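Inspection log for the structure reproduced underneath, given as structure tokens.
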Amino acid sequence: MSDNSCKGCGVKGPSRRLPTVRNAEILKMYVSDNSLRKISSRLNKSVKTIALHKSSSTDKLGLCNDVGSYRYCCTMGRISYTA
């Protein structure tokens, strides 16, 4: 068993692959408070396709939940934090 599992922090460790440009775009849209349905409508793709892109990007970045995704995007400057 590997130690590459999430322990509640939202991060499980990155894979050796980088997300594609489309994966990163969808993750950024998602953490910017867009639903999968809204993103699919905007990009003219199915919700299932958008969910697959989101899942692929989080897997490649080693993120295990939406909190981890949000933290990653804030840390990397992909989105700005507004409270």
* Pull up region 13-29, narrow it to residues that are modelled with pLDDT of 85 or more and basic (Lys, Arg), then point me to the one that is farthest from residue 56 (Cα to Cα). => 28
* Name the one entry in 32, 5 that is more than 15 Å from the chain's Cα centre (by Cα), exposed (fewer than 14 other Cβ atoms within 10 Å of the Cβ) and modelled with pLDDT under 90. => 5
* To do: Working only within region 50-80, note down all residues that are surrounded by fewer than 16 Cβ atoms within 10 Å (Cβ to Cβ), more than 10 Å from the chain's Cα centre (by Cα) and closer than 13 Å to residue 22 by Cα.
  => 52
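The values are calculated or read from the model by the stated rules, or taken from the named source; none is laboratory data. Remember, predicted model here, so these are calculated numbers, not experimental data. Reconstructed Cβ throughout: ideal geometry from the backbone, glycine too, with neighbour counts over all protein chains shown.
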